[in-house]
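The values are calculated or read from the model by the stated rules, or taken from the named source; none is laboratory data. Just so it is clear, the structure is predicted and the values come from calculations on it, not from any experiment. Positions of Cβ are backbone-derived with ideal geometry, glycine not excepted, and every protein chain shown enters the neighbour counts. These accessible areas exclude ligands, DNA and RNA; they are computed on the full protein's heavy atoms, side chains included. Shrake-Rupley method; radii C 1.70, N 1.55, O 1.52, S 1.80 Å.
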Amino acid sequence: MGLGLTPPLPDAPDFVYALSPGTAAGFAVSRMEERVAEYQAAILSTQAAFSALESVHAESSRRDGAGYSLIMGSETISEVLSTSVAACRSELLTTQPGTSRPAELLARALESEIPRLRQGIRQRTIYQHKIRFDVPTMEYIDVITAAGGQVRTTSELFDRLIIIDRETAFIPIDDEREVTALQIHHPGIVRYLGKIFDHIWERAIDVSSAGARHTPQISDTQRAILHHLVSGQTDEWIARRVGLSRRSIVEHVRRISEQLGSSSRAQLGYLIALNGVLWGVDGGANPPFPGPSSAGSPPAGPSLADPAQEQD
């Protein structure tokens, strides 16, 4: 009777009859759909009401010259952030300091970030270099970049920053980031924070599966060339030392640069250190190659200078 399979007879309420399961299911589902429609209408009405209030609040803040809102409490901060990010239309910029985030948190983040990326929203994130050695974070980054997100790392120290559509920004106001935060909607301040993000982004290095966790394929000869290169020797000196022509040295350096994604000798030196190219497989340093003898050796030139500045 609870499922509606045995309704009462219209002309004899004390008696029931057997109703087709398919018909009974249709009635039951119809009532559920009506309740769902009521909830959906209530949700839309509530969202519209708060959206109108938010517009009034933002306009009042701009008029009064404040341009920010103080948010207190971890649950409130999480709710405001989630709502604001969900309303993102075109671009989401974030900086994530620290070593790593819990694997469960990363998994939950993917549930919202992947659909957002599929909608065409541009997402760029900056981490510090140390996350390249954190397996859960790198696995998360693999999924994000495959879906179209962009991730870079930097050695610079910075705090957390979230910028939504270059219109709203979130920053912590003290060391307890989960307790108190600042929501900024002043156009000038948000624009300034966006420029800071862009500046760090330009100096940061792309994270890729191949470049972030795996040492490039470097031959023993190339490893010897790199040792001399970072020790401050010119291509000409290295060529004599390893028994190759200077042109061959330049070609080896070019191939290594391609593997590491370097566009200059200065960047190459940095990427050599970052990717551990001169370290052994077991993580220990290789024995240093002997430097030039004091007699009969040319003075060491700028090791990471642009090849165009050296004479052939």
Single condition H199 does not satisfy, out of (1) within 26 Å of V250 (Cα to Cα); (2) open to solvent by 20 Å² or more (accessible area, probe 1.4 Å); (3) modelled with pLDDT of 85 or more: (1)
The range 43-72 - residue that is touching a His at 6+ places or on another chain (Cβ under 8 Å) and in a helix (DSSP H, G or I) and, of those, modelled with the highest pLDDT: A58
Pairs with Cβ under 6 Å, 6+ apart, first in the range 77-99 and farther than 22 Å from D174 by Cα, second open to solvent by 30 Å² or more (accessible area, probe 1.4 Å): E91/R122
Pairs, first within 16 Å of I164 (Cβ to Cβ) in the range 104-133, second at pLDDT 90 or above and open to solvent by 100 Å² or more (accessible area, probe 1.4 Å), C-beta under 8 Å, six or more apart: I121/R89
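When residues of the range 81-125 are filtered for being assigned to a loop (DSSP other than H, G, I, E, B) and in contact with a Leu (Cβ under 8 Å, 6 or more places away or on another chain), how many remain?
So the count comes out to 2.
Determine which member of the set E258, E236 is modelled with pLDDT of 85 or more and either part of a loop (DSSP other than H, G, I, E, B) or not aliphatic (A, V, I, L, M) (or both).
Numbers: E258 fails: modelled with pLDDT of 85 or more.
E236 is the lone residue from the list that is modelled with pLDDT of 85 or more and either part of a loop (DSSP other than H, G, I, E, B) or not aliphatic (A, V, I, L, M) (or both).
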